[in-house]
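Contents: one structure, followed by commentary.
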Amino acid sequence: MEEGGKLTGGCLCGAVRFAATPLKAEMDVCHCSMCQQWSGGVFMSTSCGGTLEIVKGQDQLGLYRSSEWAERGFCRNCGSSLFWRGIADGHVAVSMQAFDDASRFSFAEEIFIDEKPATYSFANQTRKMTGAEVIAAYAAKQEAGHG
Ligand SMILES: [Zn+2]
Ligand SMILES: [Zn+2]
């Protein structure tokens, strides 16, 4: 994978197919309670900015508005979790496992580390941010970017 190159992916049943361009060859894990429940584990994703294109199965794509500021995309047929999207800026975090080849992503960051169950921990050396730190960083970016 070239860094910044367009990658393809899709859901388990193949009804929904997409293309997206990761901003970095990095994968993040979100430990927040919503991602735990939605993904059935942790949500492993890569930031793709506004580059997500649904190339097949737009009618099979479900969108769940999980909060005031975000929605989550999934396949209506097989239930695969596909992406998280910010409402205000359209920023998309695409599920790492939804890509056809995610082997080149490195595991860079864990967010909402304060919501991680004590039951498990990743051994990887990663940057770790609490929920409060993530929200503060996001708010600062919004002010800088959108006034
Ligand atoms: Zn599907
Ligand atoms: Zn989360």
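The values are calculated or read from the model by the stated rules, or taken from the named source; none is laboratory data. Everything quoted here is computed from the prediction, not taken from an experiment. Glycine also receives a Cβ, built like all others from the backbone with ideal geometry; neighbour counts cover every protein chain displayed. Accessible surface is based on the protein model in full, side chains and every heavy atom, while ligands, DNA and RNA are left aside. Shrake-Rupley method; radii C 1.70, N 1.55, O 1.52, S 1.80 Å.
Below is a table of values for the structure above.
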read-out	value
Which of 38, 113, 58, positive extreme of dipole for the chain (C-beta unit charges)	58
Computed accessible area, residue 34, all protein chains, 1.4 angstrom probe, square angstrom	80
Accessible area (Å², 1.4 Å probe, nearest 10) - residue 133	90
Between helix 131-146 and the chain: long-axis angle, C-alpha atoms, 0 to 90°, nearest 10	70
Accessible surface, per residue, of the chain when the full set of protein chains is kept, probe 1.4 Å, Å²	54
Percent carbon-and-sulfur accessible area, the stretch 3-143, ignoring ligands, DNA and RNA, probe 1.4 Å	52
Two-decimal Rg to Rh for the stretch 61-147 - Kirkwood Rh, Cα set	0.99
Residue order for 31, 91 - accessible surface, 1.4 angstrom probe, largest first	91, 31
Among 125, 60, 36: highest mean-square fluctuation, GNM of the chain, C-alpha pairs under 10 Å	125
Rounded to the nearest 20 debye, dipole of the chain from Cβ charges on Lys, Arg, Asp, Glu	300
Prolate/oblate/rounded label for the stretch 3-143 (Cα gyration tensor, a/c 1.5)	rounded
38, 69, ranked by accessible area, largest first (probe 1.4 Å)	69, 38
